[in-house]
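The values are calculated or read from the model by the stated rules, or taken from the named source; none is laboratory data. This structure is a prediction, so every number in the text was calculated from the model and none was measured. Cβ coordinates were reconstructed from backbone atoms using ideal geometry, including for glycine residues, and neighbour counts include every protein chain displayed.
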Amino acid sequence: MTKVLVVDDSAFMRMAIKNILADKDYEIFEAEDGALAVEKFIECAPDIITMDITMPQYNGIDALKQIRTIDGNAKVVMISAMGQEMMVKQALVHGATAFIVKPFKHEQVLQTLAKVAST
Ligand SMILES: [Mg+2]
């Protein structure tokens, strides 16, 4: 069972990702904000985190930095949108493992997570 922490301020997006991963070999945890993501990361020790970039207060880049400071091997897959090239560059600098661009297809999510899980 691969543990995945799904971080997004949109309940709809969290549900979309959960639905894609349903019936596969994944155990899902959720957080709706960057600060909660850090707490859940410590509490649940997920194998992979999917991290939305744009969230109120504590965004995905801040959460990525914090998580990678806690665990330099943490695997964080950033969920970015078109037009976020600056954020994507920052995420790379801070050790993001992979990127999924919204709007995404089911297969992209499954393939990316499978690849990250196998590394
Ligand atoms: Mg968002």
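Filter region 68-89 down to the residues that are under 13 Å from Ile48 (Cβ atoms) and of a type outside the set (Asp, Glu), then identify the one that is surrounded by the fewest Cβ atoms within 10 Å (Cβ to Cβ).
Ranking the qualifying residues of region 68-89, first place goes to Asn73.
Here is a check on your reading of the model: is Ile53 of a type in the set (A, V, I, L, M), within 23 Å of Thr119 (Cβ to Cβ) and touching a Gly at 6+ places or on another chain (Cβ under 8 Å)? Can you show your working first?
Values: of a type in the set (A, V, I, L, M): yes; within 23 Å of Thr119 (Cβ to Cβ): yes; touching a Gly at 6+ places or on another chain (Cβ under 8 Å): yes.
In short, yes.
Taking Ile20 as the residue in question, decide whether it is more than 12 Å from the ligand (Cβ to nearest atom), touching a helix residue (DSSP H, G or I) at 6+ places or on another chain (Cβ under 9 Å) and touching a residue at least 40 places away in the same chain (Cβ under 8 Å).
It is true that Ile20 is more than 12 Å from the ligand (Cβ to nearest atom), touching a helix residue (DSSP H, G or I) at 6+ places or on another chain (Cβ under 9 Å) and touching a residue at least 40 places away in the same chain (Cβ under 8 Å).
Is there a residue being away from the ligand (no atom under 16 Å from the Cβ), basic (Lys, Arg), touching a residue at least 12 places away in the same chain (Cβ under 8 Å) and in contact with a Leu (Cβ under 8 Å, 6 or more places away or on another chain) anywhere in region 50-68?
Step one: of region 50-68, the residues away from the ligand (no atom under 16 Å from the Cβ) are 65-68.
Add one more test, that the residue is basic (Lys, Arg), and what stays is 65, 68.
Filter again for touching a residue at least 12 places away in the same chain (Cβ under 8 Å), leaving 65, 68.
When the remaining residues are screened for being in contact with a Leu (Cβ under 8 Å, 6 or more places away or on another chain), the result is none.
The answer is no; no qualifying residue exists.
Please verify whether Glu32 is modelled with pLDDT of 95 or more, over 16 Å from Asp71 (Cα atoms) and either touching an Asp or Glu at 6+ places or on another chain (Cβ under 6 Å) or among the aliphatic types (A, V, I, L, M) (or both), treating the condition exactly as stated.
Here the answer is yes, as Glu32 does meet what is asked.
Check whether at least one residue in region 66-80 is of a type in the set (D, E, K, R), closer than 17 Å to Ser10 by Cβ, within 12 Å of the chain's Cα centre (by Cα) and outside any helix (DSSP H, G or I), and report yes or no.
no
So, of the residues in region 1-17 that are within 15 Å of the ligand (Cβ to nearest atom) and free of Cβ contacts under 8 Å to residues at least 40 places away in the same chain, which turns out to be surrounded by the fewest Cβ atoms within 10 Å (Cβ to Cβ)?
Ranking the qualifying residues of region 1-17, first place goes to Phe12.
Report whether or not Gln57 is part of a helix (DSSP H, G or I) and either surrounded by 14 or more Cβ atoms within 10 Å (Cβ to Cβ) or not β-branched (Val, Ile, Thr) (or both). Don't jump to the end; show me each part of the working.
Working: part of a helix (DSSP H, G or I): no; either surrounded by 14 or more Cβ atoms within 10 Å (Cβ to Cβ) or not β-branched (Val, Ile, Thr) (or both): yes.
The answer is no for Gln57.
So, in region 16-27, exactly how many residues are touching a strand residue (DSSP E or B) at 6+ places or on another chain (Cβ under 9 Å) and not in a strand (DSSP E or B)?
The total comes to 6.
Within region 29-39, does at least one residue satisfy the condition of being among the β-branched types (Val, Ile, Thr), away from the ligand (no atom under 16 Å from the Cβ), in contact with a strand residue (DSSP E or B) (Cβ under 9 Å, 6 or more places away or on another chain) and not in a helix (DSSP H, G or I)? Quick ask: steps written out before the conclusion?
Pass one, region 29-39, residues among the β-branched types (Val, Ile, Thr): 38.
Imposing the further condition that a residue be away from the ligand (no atom under 16 Å from the Cβ) reduces the set to 38.
Retained after the next criterion (residues that are in contact with a strand residue (DSSP E or B) (Cβ under 9 Å, 6 or more places away or on another chain)): 38.
Of the ones still in play, those that are also not in a helix (DSSP H, G or I) are none.
Scanning region 29-39 turns up no residue that is among the β-branched types (Val, Ile, Thr), away from the ligand (no atom under 16 Å from the Cβ), in contact with a strand residue (DSSP E or B) (Cβ under 9 Å, 6 or more places away or on another chain) and not in a helix (DSSP H, G or I).
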